[in-house]
Amino acid sequence: MANNGRRSVKQKKGPTTGTGGHGRKALEGKGPTPKAEERTYHKAYKNKQLAERSAAKRGSGPRTGGAGARSGPKGRATEELVTGRNSVVEALRAGIPAKALHVAIRIEMDDRVKESLKLAAERGIPLLETGKVELDRMTEDAVHQGLVLQIPPYEYEDAYDLAETTLAKWKKGHISNAPIFVALDGITDPRNLGAIIRSVSAFSGHGVIVPERRSVGVTASAWKTSAGAAVRVPVARASNLNNALKQFKNMGIYVLGLDGDGDVSLPDLTVATEPVCIVVGSEGKGLSRLVRENCDQIVSIPIDSAMESLNASMAVGISLYEVSRQRAAK
């Protein structure tokens, strides 16, 4: 066949002029492989999206254990998770207020699970079937055994408002006994708080005051230890305990600090029939210096010299009994 006088030229292999830059770019690749949770087609991505949506509905993420608190603005507790079959059923038996009971899908039933479901249903607590992956995420891989009880935040009263309202009721004759409060200085064990609430209820007290910082709050453990008294006794928060005690004194409330080196022995107390606020410190450190300075009196409980100190809740119980006894005698 004629080629019209053209001669075929054999092409050389390799890059031609002007293609070197394209070759280098191709050799660079597309960078590191994205993480699994960043690949839209991967299961990890879908799990991450689910977790983010769940977290957005509930607010911030949890810090959990047997019963763990979630953190809210300025570090304030917003809600709590009780995890594990024993802990959940005990919390429900104690009547702790609950927001929801999360139950694992296809959970293996036993007596604790059956009782938990029954108690939740009787109290109208929502039952939510939740996948294991989500339960693990909610509890940060705590041992939940397929049961997680969601506790709403405790609604604290303001310390000043509580004292003012109680005093007004007493002066109007709406309550027969002079107001009596218990303030906690450095108490961090929720079981101590629960036991103190129980004693305040037993001796017709009118409230417990806790500082906003570095102090125990009303947790599921405190609810259980109070044996239901937390429903009857208000717990108020003070942004600054020393300022609150100064306000109490200005309102006519005698502030009495409990300490082994007291100015007066408990049986010799002369202001028991007046409005009082009993302040108790931790078993180890006792009352802080500033709190001691803001007390009208430091009161000691006579105990055997072999015993250095009493548990905080026990000291409060003894003090409340003595105040109640003196009031009944007059």
Round to the nearest 0.05 the FRET efficiency obtained for Ile175 and Met251 when R0 = 22 Å and r is the Cβ-Cβ distance. 0.90
Using the structure shown, select from Lys114/Lys224; Lys224/Lys246; Lys169/Lys246; Lys169/Lys224; Lys169/Lys249 the pairs with a Cα to Cα distance greater than 24 angstrom. Lys224/Lys246; Lys169/Lys224
Roughly how many debye, to the nearest 20, is the charge dipole of region 157-329 about its Cα centre, given +1 on each Lys and Arg Cβ, -1 on each Asp and Glu Cβ, and no other charges? 600 debye
If amide H atoms are modeled at 1.01 Å from N in the peptide plane, then the residues at a separation of 5 or more from Ala183, or on another chain, having amide H under 5 Å from its own are Ile209, Ile278, Val279, Val280
For Ile175, which sequence-distant residues (separation of 5 or more, or a different chain) have an amide H within less than 5 Å of its own amide H, given hydrogens modelled in the peptide plane? Trp170
Compute the distance in nm between two label points, each set 7 Å from the Cα along the Cα-to-Cβ direction, one at Leu127 and one at Arg191. 3.2 nm
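Using the crude model of +1 on Lys and Arg Cβ and -1 on Asp and Glu Cβ, and no other charge, please compute the dipole size for region 224-294 relative to its Cα centre, in debye to 20.
Magnitude of the dipole: close to 460 debye.
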Residues with amide H under 5 Å of Glu157's amide H, sequence separation 5 or more or different chain, H placed in the peptide plane at 1.01 Å from N; which? Val235, Ala236, Arg237
Let's test this: bin the Cα-Cα distances of region 170-269 at 5 Å from zero up to the farthest pair and state each bin's percent. 2, 12, 20, 22, 21, 15, 6, 1
Placing +1 on the Cβ of each Lys and Arg and -1 on the Cβ of each Asp and Glu in region 231-330, which of Asn243, Ile278, Val316 has its Cα farthest towards the positive end of the resulting dipole? Asn243
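Throughout, read-outs are computed from the coordinates displayed, never taken from laboratory work. Just so you know, these numbers come straight off a predicted model, no measurement behind them. Please note: Cβ atoms are built from the backbone with ideal geometry, for glycine as well, and neighbour counts cover all protein chains shown.
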